[in-house]
């Protein structure tokens, strides 16, 4: 074997071998003409590794790091302490100082955000409803904070956009308000909640009268109906036996004080009549409501769940932000 084809390692490698391998030393091993080289780690990478190891040791010394039994190393006292404001069970706030950790850092950041928001909540609480609606800067805060409050507390029933669910919860974006649409009325609903109720009539009037009343209700909103039956149903509606007028009014437009539905406005909450194509199915759906009554319209009271300023802000958001208030 000639000098040019010998495999050597280290600095004694021939110039021809160094040139052939790009200046990388060989281990001296070769398989089927393929050389095994000894590539060295880049110097910058080696130094970066050393610096990382040194940084790790320093961090262990200065900051909380290693668990020891039921506790852990606290680092250098005073160097990594953090102070935050904690709210006690009774509502009072006290300042606490502890060693630095992600939880205490989170508490500091949350308290800073709450402090920044508090001045706006205080302003909402101190400003009359009508003036809030005229203050563009304040309404910007109401829209932002109200959307969050609504999403966290109201959206599970009323949906994210306030459109509600037929058969479950009212639509807050239309012009129909069962309990009234003024600021005071909306606030009262949020504070005290509501429990809608309609008694079942299957034991009070006959099935034929229920059919007549259902046709009358359909006629009030222009839905397909039997005119002759609806005419008789009007008498059932106004009779002392059924007494539908007592809750829905003699004009069938409902009563805000009772939360009874307006039967003339084409807005349906408990049955999606407009989406039902078959006239017989529409009649059946209305008959089921009259016969079985309703006891599903329950909204919980929020006076013990939300603060007064949050309820006031939600009131303005529902009235102004969702577009259904008057």
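Go through (1) under 26 Å from the mean Cα position of the chain (by Cα); (2) under 30 Å from residue 202 (Cβ atoms); (3) surrounded by fewer than 17 Cβ atoms within 10 Å (Cβ to Cβ) and name the single condition residue 270 misses.
Among (1) under 26 Å from the mean Cα position of the chain (by Cα); (2) under 30 Å from residue 202 (Cβ atoms); (3) surrounded by fewer than 17 Cβ atoms within 10 Å (Cβ to Cβ), the lone unmet condition for residue 270 is (3).
Say we look at the range 86-102 and pick out the residues that are at pLDDT 70 or above and surrounded by 11 or more Cβ atoms within 10 Å (Cβ to Cβ); which of these is nearest to residue 65 (Cα to Cα)?
98
Residue pairs, Cβ under 9 Å, 6 or more apart or interchain, first in the range 117-134 and more than 16 Å from residue 319 (Cβ to Cβ), second surrounded by fewer than 11 Cβ atoms within 10 Å (Cβ to Cβ). List them.
Listed pairs, sorted by first residue: none to list.
The values are calculated or read from the model by the stated rules, or taken from the named source; none is laboratory data. Remember, it's a predicted structure, so these values are computed and weren't measured experimentally. Cβ coordinates were reconstructed from backbone atoms using ideal geometry, including for glycine residues, and neighbour counts include every protein chain displayed.
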